[in-house]
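Single-structure report; data block below.
Just so it is clear, none of the values below were taken in a lab; they were calculated from the coordinates. Note that the structure is predicted; figures quoted are calculated from it, not measured. Glycine also receives a Cβ, built like all others from the backbone with ideal geometry; neighbour counts cover every protein chain displayed.
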Amino acid sequence: MLEISYSTEFFRRLKNLPKDLQEEVFEKIDLFKNKKNHQVLKVHKLKGKLQGRYSFSVNYKFRIIFRYISNKEAFLLTIGDHGIYK
């Protein structure tokens with residue numbers, strides 16, 4: 001199981017989302033903690049200016065960007081629609 005830590009930006013953006021979407025986010029984070037679910041969540045490495053970071057899907061529209069601290073820990077950086085890649 002992955003240990004998860006969060007940036008202040010992640011929480012700032014999260015609190016602006018509707019309550020039902022916030023609940024979905026935490027459900028996906030719980031799934032993300034088990035690496036066996038990474039394919040289902042479409043975890044993938046990012047390129048360009050986001051090189052060294054990864055992303056996974058909350059739903060069709062929202063994504064979470066993160067980086068691995070170690071093999072057992074991930075740091076969630078931000079959440080948003082596809083605009084967060086810019």
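Going through the range 6-86, which chymotrypsin sites (Phe, Trp or Tyr not before Pro) have at most 15 other Cβ atoms within 10 Å and a DSSP loop state?
Working: sites: Y6, F10, F11, F26, F32, Y54, F56, Y60, F62, F66, Y68, F75, Y85; in loops: Y60, F62.
Of the chymotrypsin sites (Phe, Trp or Tyr not before Pro), the ones in loops of the range 6-86 whose Cβ has at most 15 other Cβ atoms within 10 Å are Y60.
Where the centre of each part is set by its Cα atoms, how far does the range 33-55 sit from the range 1-15, in angstrom?
The distance from the Cα centre of the range 33-55 to that of the range 1-15 comes to 15 Å.
Which links in K35/K61; K19/K47; K19/K49; K19/K45 stretch past 25 Å when you go from one Cα to the other?
Numbers: K35/K61 22 Å; K19/K47 31 Å; K19/K49 31 Å; K19/K45 28 Å.
Result: K19/K47; K19/K49; K19/K45 exceed 25 Å.
For K33, list the aspartates and glutamates whose Cα falls under 14 Å from its own Cα; do not include residues on the same chain fewer than 8 positions away.
E3, E73
For every helix of n ≥ 4 consecutive DSSP H residues, a contribution of -39,500 (n - 2.57) applies; sum these over the chain, divide by its total residues, and give [θ] at 222 nm rounded to the nearest 500 deg cm²/dmol. Display every interim value, and only then the final one.
Details: 2 runs with 21 residues, N = 86.
Helix contribution divided over all residues of the chain: -7500 deg cm²/dmol.
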